[in-house]
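Below: one structure, written as structure tokens.
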Amino acid sequence: HQDLAEEVGAGRFRADLLYRLNAATFRLPPLRDRHDRAALIETCLARVTGERGLSCTLSGEATQTLMAHDWPGNMRELTNVLTYATAVAGGGPIEPGHLPSGLGPAECADSDDAESLRAALTATEGHATEAARSLGISRATLYRRLSRHGIDPADFRL
């Protein structure tokens with residue numbers, strides 16, 4: 001993130017483009033500084049679960065973990081985390097163990113990785129692109145991890 005006005009002054013950004021972009025300027029605090037984080041988390045969860053036809057809820061511990069996180073990626077990161085958690089939880093209550101390892105308690109990464117891959121493939125009926133999206137990873141990364149664990153997406157197709 002750069003101050004575009006400074007970039008224009010330094011000759012690294014076009015002034016005419018700045019004026020077009022500056023038609024409306026919104027100053028929003030980062031997610032970590034918002035007092036309505038709990039409501040934003042619930043709203044984001046409702047949107048993510050609604051898109052997938054699920055009815056996941058957050059446990060108190062999972063909510064505390066989400067509230068304590070700094071959210072450097074703001075809403076995009078929150079959406080990815082909740083998408084991942086709903087895939088891993090499989091439609092049930094989201095517990096701290098369903099959250100990505102950077103948020104939740106330390107876990108056995110290898111077995112949890114395989115389990116999260118299986119959960120994502122189950123939730124998406126074996127569709128690799130959707131599973132990768134739900135996990136917040138690229139398709140190439142998904143296939144690399146599937147290969148490492150000996151998991152075949154075709155086994156999850158209906």
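Here are the numbers for the structure shown:
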read-out: Relative contact order [Cα under 8 Å, 6+ residues apart], segment 18-158, whole percent; value: 19
read-out: Cα-based equivalent ellipsoid of the chain: semi-axis lengths in Å, sorted from largest, via gyration tensor; value: 34, 21, 15
read-out: For segment 24-71: span of alpha carbons on each principal axis (Å, largest first); value: 35, 27, 14
read-out: Peptides 134-145, 22-33 ordered by average Cβ neighbours within 10 Å, highest first; value: 134-145, 22-33
read-out: Residue-averaged [θ]222 nm for the chain, counting only DSSP H segments that reach four residues, each worth -39500 (n - 2.57); value: -17000 deg cm²/dmol
read-out: Nearest-20 debye value, the chain charge dipole, Cβ charges on Lys, Arg, Asp, Glu; value: 520
read-out: Kirkwood hydrodynamic radius (C-alpha pairs) into Stokes-Einstein, segment 1-94, 37 °C and 0.692 mPa s, D in µm²/s; value: 211
read-out: Label point at Leu40 placed 7 Å out along Cα→Cβ; residues across segment 62-85 whose backbone nitrogen lies under 17 Å; value: 63-83
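All of the numbers you see were taken from the coordinates with simple rules; none came from a lab. All values reported here derive from a predicted model rather than from experimental measurement. Please note: Cβ atoms are built from the backbone with ideal geometry, for glycine as well, and neighbour counts cover all protein chains shown.
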